[in-house]
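One structure is given below, encoded as structure tokens.
The values are calculated or read from the model by the stated rules, or taken from the named source; none is laboratory data. Computed from a predicted structure; not experimentally measured. Glycine gets a Cβ as well: all are built from the backbone with ideal geometry, and neighbour counts include every protein chain shown. Please note that ligands, DNA and RNA were not included when accessible areas were found on the heavy atoms of the full protein model with its side chains. Shrake-Rupley method; radii C 1.70, N 1.55, O 1.52, S 1.80 Å.
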Amino acid sequence: MQFQQLQYFVAVAETRHFTRAAELVHVAQPSLSQQIKALERELGADLFRRARGNITLTDAGEALLPLARRILADADTARYEVQELVQLRRGRVRLGATPSLCTGLLPDVLRAFHDRYPGIRLLIEEGGSHDLVRGLARGALDLALIVLPLPTPAPALTTVELLREDLVVVSSPESPVPGRGGRTVAIGDLEGERLVMFRHGYDLRELTVAACRSAGFEPEFAVEGGEMDAVLGFARAGLGVAVVPRMVAARAGRGLRVTPLARPGLHRTIALAHRSDVAPPRAARELQRMLLER
């Protein structure tokens, strides 16, 4: 009994058609039929009832099918595990993250990962949490750093809380101190301030706008539609104030005044997510470990 014969048998059993099965396994139909007949001779039993336009399993075929599937699955697992060992020397990790995390959290962790595993390519996709969840669902990402809670439930994801991050207000040192000019600024003090606002789809935009509305006012935008670097640049130029993560503000360099938000302030919860039904590749699991232990 050959491994290839079992592949052909399962393909015919699932398609109930020799020609379609041959196309599925990328082999000529006569070759597939010959291998099925050879398997039947070795087993001493017919596996299919062949009637024109109607292929069904015999009792022997029904008995063999779950065993063949298990053998093929075990072989795939063995191949996968061996490849996993190789992937720590070569391979890739596809990581999604919000732009603010690419600026604030990831650089140090990715540098440490690259130093330890230089042969592994790091593919980073920036996006909002909605887009990153969709990327995980369709298998385009191995891991993603997302902001919780998600607006809509995502039962197919496993999430592990990574950190709870404070938000701060940034502005130009040449502009008046936002709010009442104190050491902190309350969300309500931003009423009347012109805000530099992120584009639609940014978690920070939704969080800031919701906080302003909860404080009883509609925020006024000086500029909107920017990415993280643009927002910081507009605030640095004095076009308005912006609400950004503390880690981003700390890395922004000179030219920005950073004012903490008064208690209870604004916070966001960052989580590491992956699909629940598929274990991340070993290289991705190693990056996951380093992020959780950072």
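How long are the semi-axes of the ellipsoid equivalent to segment 68-136, from square roots of 5 times the Cα gyration tensor eigenvalues, in whole Å, largest first? Write out the running numbers ahead of the final one.
Numbers: eigenvalues 180, 69, 8 Å².
Listed largest to smallest, the semi-axes of segment 68-136 are 30, 19, 6 Å.
Quantify, in whole percent, the carbon and sulfur part of the accessible surface of segment 1-93 (1.4 Å probe; protein heavy atoms only).
That fraction is 50 percent.
Quote to one decimal, in nm, the extra length available between Val86 and Gln2 on full extension: 0.36 nm per residue of separation minus the C-alpha distance between them.
Taking 0.36 nm per residue and subtracting the Cα distance, the gain is 27.6 nm.
Using only the Cα atoms of the chain, build the gyration tensor, take square roots of its eigenvalues as a ≥ b ≥ c, and label the shape rounded, prolate or oblate: rounded if a/c is under 1.5, else prolate if a/b is larger than b/c, else oblate.
prolate
Counting every Cα pair in segment 187-226, what percent are over 15 Å apart?
33
If you take the alpha carbon radius of gyration of segment 1-81 and divide it by 2.2 N^0.38 Å, what ratio comes out, to two decimals?
Working: Rg = 12.3 Å, N = 81, 2.2 N^0.38 = 11.7 Å.
Normalised Cα radius of gyration, segment 1-81: 1.05.
Mind giving me the FRET efficiency for Glu227 and Arg263? R0 is 22 Å, r the Cβ-Cβ distance, nearest 0.05 is fine.
Efficiency computed from Cβ-Cβ geometry: 0.15.
Cα-Cα pairs above 20 Å in segment 171-284: how many percent?
Percent of Cα pairs beyond 20 Å in segment 171-284: 43.
Working from the alpha-carbon coordinates of segment 204-264, get Rg over Rh, Rh being the Kirkwood radius.
Reported Rg/Rh (Cα atoms, Kirkwood Rh): 0.95.
Between Lys37 and Arg251, with labels modelled 7 Å along Cα→Cβ, what's the label distance in nm to one decimal, could you check?
Result for the modelled spin labels: 6.5 nm.
Evaluate the distance, in nm, between pseudo-label points positioned 7 Å from the Cα of Thr184 and of Ala215 along their respective Cα→Cβ axes.
1.3
What are the DSSP H helices in the chain that stretch 24 Å or more along their long axis, judged by alpha-carbon atoms, and whose average Kyte-Doolittle hydropathy comes to at least 1.0?
Span-like helices in the chain: none at all.
With every protein chain kept in the model, how would you rank Thr159, Thr56 by accessible area, 1.4 Å probe, largest at the top?
Putting Thr159, Thr56 in descending order of accessible area: Thr159, Thr56.
In the chain, what percentage of the DSSP-assigned beta bridges are antiparallel, given to the nearest 5?
Numbers: 26 of 43 bridges.
Approximately 60 percent, going by the DSSP bridge assignments.
So for the chain, averaging the separation of alpha carbon pairs under 8 Å that are six or more residues apart and normalising by length, what relative contact order in percent results?
Across the chain, relative contact order equals 21 percent.
Arg289 to Thr58: FRET efficiency via 1/(1 + (r/R0)^6), r the Cβ-Cβ distance, R0 51 Å, to the nearest 0.05?
0.55
When the distances between all Cα atoms of segment 142-232 are binned every 10 Å from zero, what whole-number percent does each bin get?
Using 10 Å bins, I get a P(r) of 13, 41, 31, 12, 2 for segment 142-232.
Out of every Cα-Cα pair in segment 1-149, what percent are more than 20 Å apart?
Percentage above 20 Å: 63.
Give me the one-decimal Kirkwood hydrodynamic radius in Å for segment 89-244, with the sum taken over alpha-carbon pairs.
Kirkwood radius, segment 89-244: 17.3 Å.
Whenever you get a sec, compute what percent of the accessible area on segment 112-153 sits on carbon and sulfur atoms (1.4 Å probe).
Answer for segment 112-153: carbon and sulfur cover 54 percent of the accessible area.
May I ask for the Kirkwood hydrodynamic radius of segment 167-209, worked out over all distinct Cα pairs and given in angstroms to one decimal? Provide the component values of the computation, followed by the final result.
On the way: mean 1/r = 0.0866 Å⁻¹.
After inverting the pairwise mean of 1/r, the radius is 11.6 Å.
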